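Structure first, commentary second.
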Amino acid sequence: MSLRLGDTAPNFKAKTTIGEIDFYDYLGDSWGVLFSHPADFTPVCTTELGKTALLNGEFAKRNVKVLALSVDPLDKHISWIGDINETQHCDVTFPIIADEDKTVANLYGMIHPNASETFTVRSLFVIGPDKKVKLTITYPASTGRNFNEVLRVIDSLQLTANYSVATPADWKDGEDVIVTAAVPTAEIPERFPKGHKIIKPYLRTTPQPNK
């Protein structure tokens with residue numbers, strides 16, 4: 001199964017390091033990040049989970065709940081968390097799914113047979129409170145993910161969900177944004193009272209409206 005943007009993220013029940021969860025119940029009205037790892041006790045994954053734990057406050061500030069997944073069993077996950085906390089100087093408190101039968105991996109298309117027939121690639125899904133897929137990123141097993149980029153994209157997704165704006169290349173929270181084409185130029189002053197610039201008729205910018 002290949003999930004695309006706008007698709008409904010499949011629900012599932014799974015064993016995790018914090019107990020059995022129902023995915024939808026766990027998310028509630030929050031945003032979600034679900035990301036997979038090829039295997040436990042692997043070096044790149046250890047740094048990724050550590051980085052995520054260190055950014056826990058940033059995810060919480062954005063009303064985002066994080067879940068990791070590996071196809072290894074629960075007892076290995078629990079043992080591995082000890083290594084992650086020790087080596088990355090963090091405290092992993094978010095759940096790690098034990099997906100031994102690959103149910104979740106198959107639901108989310110996390111196994112790419114031409115890369116590996118048994119292990120998940122580094123898939124990452126951002127899921128909105130409406131349970132729709134808002135972002136998908138897939139990295140090869142050899143490349144660690146940039147979690148500050150994940151936070152940046154979530155900032156953009158949450159902003160653009162509430163205002164008729166888009167974010168330009170390399171945008172960071174607090175910088176100017178683009179007024180979407182759906183907003184006539186004549187309506188910009190009323191809808192964006194902080195001011196605006198018309199660079200081209202199709203490229204209009206305004207200060208970030210929720211700051």
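The values are calculated or read from the model by the stated rules, or taken from the named source; none is laboratory data. The structure presented is a predicted model; accordingly, all values stated were derived computationally and were not measured. Note that each Cβ is placed from the backbone with ideal geometry, even for glycine, and that neighbours are counted across all protein chains shown. Ligands, DNA and RNA are excluded from the accessible area calculation, which covers all protein heavy atoms including side chains. Shrake-Rupley method; radii C 1.70, N 1.55, O 1.52, S 1.80 Å.
Equivalent-ellipsoid semi-axes for region 1-142 (Cα gyration tensor, √(5λ), whole Å, largest first): 21, 19, 14.
The gain in end-to-end length when the ASN11 to LEU203 segment is fully stretched comes to 65.2 nm, 0.36 nm per residue minus the alpha carbon separation.
Farthest toward the positive end of the dipole of the chain, out of GLY32, ASN56, GLY128, is the Cα of GLY128, where the dipole comes from beta carbon charges about the Cα centre. Farthest toward the positive end of the dipole of the chain, out of ASN11, VAL183, PHE147, is the Cα of VAL183, where the dipole comes from beta carbon charges about the Cα centre. A cut-off of 5 Å between modelled amide H atoms, ignoring neighbours fewer than 5 places along the same chain, links ALA9 with LYS132, VAL133.
Here region 53-105 exposes an accessible surface that is 48 percent carbon and sulfur, computed with a 1.4 Å probe and the other protein chains kept in place. Under the criterion of Cα pairs below 8 Å and six or more residues apart, the relative contact order for the chain equals 21 percent.
Of the cross-linked pairs LYS13/LYS65; LYS61/LYS172; LYS76/LYS102; LYS102/LYS134; LYS65/LYS131; LYS15/LYS102, those separated by over 18 Å at the C-alpha level are LYS102/LYS134. Taken along the Cα-to-beta-carbon direction at a fixed 7 Å, the label points for THR143 and ASP130 span 3.0 nm.
The residues neighbouring ILE81, those whose beta-carbon lies less than 15 Å from its own, together hold a net charge of -4 under the Lys/Arg +1, Asp/Glu -1 convention.
Under a model in which nothing but the beta-carbon of Lys, Arg (+1) and Asp, Glu (-1) is charged, the chain shows a dipole of about 960 debye around its Cα centre. A viscosity of 1.567 mPa s and a temperature of 4 °C, combined with the Kirkwood radius over C-alpha pairs in the Stokes-Einstein formula, give region 131-211 a diffusion coefficient of 92 µm²/s. Residue-wise HN-Hα couplings along region 84-93, as the Karplus relation 6.51 cos²θ - 1.76 cosθ + 1.60 with θ = phi - 60° gives them from phi, are 4, 4, 5, 7, 9, 6, 9, 9, 6, 10 Hz; Gly and Pro carry x. Remark: relative contact order (region 7-121) = 32 percent; criterion is Cα-Cα distance under 8 angstrom and separation of 6 or more residues.
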